[in-house]
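Trainee: Structure incoming, see below.
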Amino acid sequence: MTQAVWITGLPGSGKSTIAQMIKDRHPDWVVLRMDELRKVVTPEPTYSESEREIVYRCLVYTAKLLTELGHNVLIDATGNMRRWRDLARDLIPDFAEVYLRCSSKECSIREAKRKQTYGAPKDIYDKAKAGWPVPGVNVPYEEPVNPEVTVNTEEVSPEEAVEAIEKALKIQ
């Protein structure tokens, strides 16, 4: 059976890095990156609640279709509202949620230093100070209630995080 795995966490928690590492180890997996999807669906994003609702529902639907077509899917997206991750759980039979726990302070430090963004906007935490809606800063980030895997990315390396995820979800 095909599987969909949503890697969630604050911006800068390591979602894209870990998703790419899993993809590199398992080339048959498809990575759906919210930042790339947003550029197509909303080329001039406002990050409003109504826009986020549409974009996240589109992401979930795309993941559902890909799994139905026989592809394993990694969803690389903050998914700050639990209802979007719950929607994926409701629609995709073999669904798992991976929560990358990391403090907003550490995420901000990482985001300021990162070179490769996988399509993510730059200087997210600086933009939050200017009023941009950023999950965990000035819009809510609802932590998962019962994720299949939780990894504290302040305490383990990306390699250790990938190994923990693969072991817990039996990704081979």
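Here, each number is a calculation from the coordinates, and none is a lab measurement. A quick note: this is a predicted structure, and the numbers were derived from the prediction, not measured. All Cβ positions, even for glycine, are placed from backbone atoms using ideal geometry, and neighbour counts span all protein chains on display.
Trainee: What ranking do Asp86, Asp24 get, fewest neighbouring Cβ atoms within 10 angstrom at the top?
Mentor: Taking fewest neighbouring Cβ atoms as first place, the list is Asp24, Asp86.
Trainee: Counting only trypsin sites (Lys or Arg not before Pro) that sit in a DSSP loop (anything but H, G, I, E, B) with at most 16 other Cβ atoms within 10 Å, what is the longest stretch of the chain containing none of them?
Mentor: The segment 1-113 is the longest one with no such site.
Trainee: In nm, what is the difference between 0.36 nm times the number of residues separating Lys170 and Val156 and their Cα-Cα distance?
Mentor: Gain on extension, Lys170 to Val156, equals 3.1 nm.
Trainee: Please list, ordered by chain and number, the residues whose modelled amide H lies under 5 Å from the amide H of Val31; skip anything fewer than 5 residues away on the same chain.
Mentor: Leu74
Trainee: Sticking with this one: Return the long-range amide H neighbours of Val139 (sequence gap of 5 or more, or a different chain), with a cut-off of under 5 Å between placed amide H atoms.
Mentor: Those qualifying (amide H under 5 Å, at least 5 residues apart or on another chain) are Val134.
Trainee: Let me ask another. Whole-Hz Karplus ³J(HN,Hα) for region 27-32, in order, using 6.51 cos²θ - 1.76 cosθ + 1.60 and θ = phi - 60°, x for Gly and Pro?
Mentor: With coefficients 6.51, -1.76 and 1.60, one gets x, 6, 6, 9, 9, 9 Hz.
Trainee: Rounded to the nearest Å, what's the spacing between the alpha carbon centres of region 1-15 and region 53-98? Just the number, please.
Mentor: Here the two parts' Cα centres lie 10 Å apart.
Trainee: Here is a further query. Rounded to the nearest 0.05, what FRET efficiency do Arg83 and Met1 have when you use their Cβ-Cβ distance and R0 = 30 Å? The partial results should precede the final answer.
Mentor: On the way: r = 25 Å, r/R0 = 0.83.
The value I calculate is 0.75.
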